[in-house]
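The values are calculated or read from the model by the stated rules, or taken from the named source; none is laboratory data. Predicted model, so just to flag it, every value in this text is computed and none were measured. Note: ideal-geometry Cβ built from the backbone for every residue, glycine included; neighbour counts use all protein chains shown.
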């Protein structure tokens, strides 16, 4: 069974620090990787997608992908209290390119 | 991305009844999906809503319980039938949008919070 694993947290960081969120996946043929942010009571919001090994930066967010280690991470620089949310890692693979498998999410708490 | 709306945003229903949730997108999309997010849990795909044909259901979900319609490329409905308290959940529709790099991304509607008494 294909799985996506995340530490449930909470991950607590002080304001201004770098928050590092990690995700591992079991399906070696996975091709597309996504990070969603979900505020309490709201629906998931796509914040990063990554498809190739290496880093992808977008503003304060950097996604890192290592397919050999089956590992994807999200770094949030200069963390703000407004970043406090649950971050969901999602993976899709070659067998059904559209089918997303979600991790259980990591709750991030940024302390003022 | 796409602008997605869902109706109702929330509802409280009695067990044994059915509720139909609507999902509307502001542009034509090929792929639409229905997910469930139970309290404190992550998202689970219920089915893919196919335009012009029956929905494709994931393991553990059946058409009699979750009938889906997809009459056109901008609209879909999910019905939760013969509800029980275990169906209390957030139901989300999503759409897949192509990116310039030929990969696809999924965007979610605001969700429907269902409580079954």
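Condition first: under 12 Å from the mean Cα position of the chain (by Cα), within 21 Å of residue A:2 (Cβ to Cβ) and surrounded by fewer than 18 Cβ atoms within 10 Å (Cβ to Cβ). Now tell me which residues in the stretch A:30-63 satisfy that.
Hits for the stretch A:30-63: nothing passes.
Assess whether residue B:36 counts as being assigned to a strand (DSSP E or B), touching a helix residue (DSSP H, G or I) at 6+ places or on another chain (Cβ under 9 Å) and more than 10 Å from every other protein chain (Cβ to nearest Cβ).
yes
Would you mind listing the strands (runs of 3 or more DSSP E) fully within the stretch A:7-51 where at least 1 residues are more than 19 Å from residue A:81 (Cβ to Cβ)?
A:19-25, A:32-38, A:45-50
Could you tell me how many of the residues in the stretch B:62-74 are outside any loop (DSSP other than H, G, I, E, B) and touching a strand residue (DSSP E or B) at 6+ places or on another chain (Cβ under 7 Å)?
Of the residues in the stretch B:62-74, 3 are outside any loop (DSSP other than H, G, I, E, B) and touching a strand residue (DSSP E or B) at 6+ places or on another chain (Cβ under 7 Å).
Take the stretch B:75-99 and flag every residue that is assigned to a strand (DSSP E or B) and more than 14 Å from every other protein chain (Cβ to nearest Cβ).
B:75, B:76, B:77, B:78, B:79, B:80
Take the conditions at pLDDT 95 or above, within 12 Å of chain B (Cβ to nearest Cβ), part of a strand (DSSP E or B) and over 20 Å from residue B:45 (Cα atoms) and apply them to residue A:107. Does it pass? Show your work before the answer.
On the way: at pLDDT 95 or above: yes; within 12 Å of chain B (Cβ to nearest Cβ): yes; part of a strand (DSSP E or B): yes; over 20 Å from residue B:45 (Cα atoms): yes.
Taking the combined requirement at face value, the residue satisfies it.
Name the residues in the stretch B:100-117 that are touching a strand residue (DSSP E or B) at 6+ places or on another chain (Cβ under 6 Å) and part of a loop (DSSP other than H, G, I, E, B), would you?
B:103, B:109, B:110, B:111
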